[in-house]
1. Enumerate the amide H contacts of Ile398 below 5 Å, restricted to partners 5 or more residues apart or on another chain; note that Pro and chain-start residues carry no placed amide H.
2. Can you list the DSSP H helices in the chain whose Cα atoms extend at least 24 Å along the helix axis and whose mean Kyte-Doolittle hydropathy is -1.0 or higher?
3. State, to one decimal in nm, how far the label point of Asp101 lies from the label point of Ser279, with both points 7 Å from Cα in the Cβ direction.
4. In nm, to one decimal, how far is the modelled label at Thr226 from the one at His346, with both set 7 Å along Cα→Cβ?
5. Can you give the alpha-carbon Rg of the range 87-236 over 2.2 N^0.38 Å, where N counts its residues?
6. For Cα extents along the principal axes in Å, the choices are (1) 69, 52, 50; (2) 58, 52, 43; (3) 80, 51, 40; which was calculated from the structure?
7. Run the Debye formula on the Cα coordinates of the range 335-384, all scatterers equal and no solvent, and tell me log10 I(q)/I(0) at q = 0.30 1/Å.
8. So for Lys283, Lys12, Lys422, what's the accessible-area order with a 1.4 Å probe, most first?
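The values are calculated or read from the model by the stated rules, or taken from the named source; none is laboratory data. All of these numbers come straight from a predicted model, not from anything done at the bench. Every residue, glycine among them, receives a Cβ derived from its backbone with ideal geometry; neighbour counts consider all protein chains shown. Side chains included, ligands, DNA and RNA excluded: accessible areas come from the protein's heavy atoms. Shrake-Rupley method; radii C 1.70, N 1.55, O 1.52, S 1.80 Å.
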Amino acid sequence: MSDTAIYAERRKRLQSQMQSGIAIIPTAPEAVRNADAHYDYRHDSHFYYLTGFAEPEAVLVLVAGEQMQAILFCREKNAEREIWDGFRYGPDAASEKFGFDAAYPIAQLDEKLAELMGNQPVLYYPVGADAGWDARIIRLREAVKAKSRSGIRAPGEIRDVREPINEMRLVKDAHEQDIMRRAATISAGAHRRAMRFTRPGRFEYEVEAELLHEFCRHGARHPAYTSIVAGGANACTLHYVGNNARLNDGDLLLIDAGCELDGYAADITRTFPVNGRFSPAQKDVYEIVLAAQAAAISAAKPGMRWNAPHEAALRVLAQGFIDLRLCRGSLESVLETESYKQFYMHRTGHWLGMDVHDVGEYKLDGQWRPLQPGMALTVEPGCYIRPSDSVPRDLWNIGIRIEDDVLITAKGNEVLTRDTPKTVSEIEEVMRHE
């Protein structure tokens, strides 16, 4: 199936779920960085999922019912602007290439919407996502209401279009799975490169540069999120992004980084010794986190509920914390009192896809939802030990997280990021400095 057909099929699925009504789905606006410079543009994920169209200033309109339509509004061709800003499709070429029923200049959006919204029972759009769009929708709906004496009715109901799209995006099709495998492979190579490069005395940002280089040279121009490159005590800050400290002999380095490829994210975390050899204390903690991750991955399979990997990891971690004298009492008491949260305060994963923290509900009707083939998630237990009088000194400032990307399959799961060194022996072998 061609890319155009894939996006068209998704639009039809959404229209079928709508049954009737009109959906308005804008892409993301451009954002000014400073003065007249913009941040690198990144499309809205919902919009791109349904169109494959990556230009800014674009809106998708879907009409459901007996006469279904898929309409794109986008920038017009403009030879002068293309000299400055580069190629743009324009409505005619975009309609043909991306398989829309019609396409119009973005300047005609309000005029056309006032026509298209007439006599539609339901209006779908991303409610509350953008105050400007909220106001625009209200204004357009009022304009349609003003035509009531002509027998034209405005939509009587407004629904959030993201809800059905989120459920569609939660289960990845074969096309998406292939892209995510490539993103995982590129990211795994970047982590191996970072391990080989790391030495005492280098700076965190130097290691970050190696990651970005590897992403870019394989066609992934951007990271999926700001890379975390955290040496020593910095690894105990979960979202550390300073990436400017010197790496010290004897410390661990935690790297949480993944590329974005064709709109899809990879998300890998590895923790390894700056000097290439784990100390006994570091190895003890690392093996506990590694065992917790193995237990969690084993629980990530069809029919198991979303929380099963977290619960499996938690039992291994809690027992490990007791063995390390970080927590006191029985396993059940540590779990019940949640005393483990001093050293492990986050959950064991999240959905993964076009967004690194991807869309999709984790519970249905108050129950953790069952996992099913095509769902993709991360599995990322950790342990973060800050200095404390109640903590053995040789464990101070050890921060470890191990994260892989896992695709649920009919027979179990596929670890997409399996090429990233993970065991103590694998890491030390990759880091052996000749």
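1. Those qualifying (amide H under 5 Å, at least 5 residues apart or on another chain) are Ile385.
2. Result, helices passing both filters: 174-197, 280-298.
3. 6.7
4. 1.4
5. Dividing the Cα Rg of the range 87-236 by 2.2 N^0.38 Å gives 1.62.
6. This structure yields the entry labelled (3).
7. For the requested q values the scattering log ratios are -1.12.
8. Lys12, Lys283, Lys422
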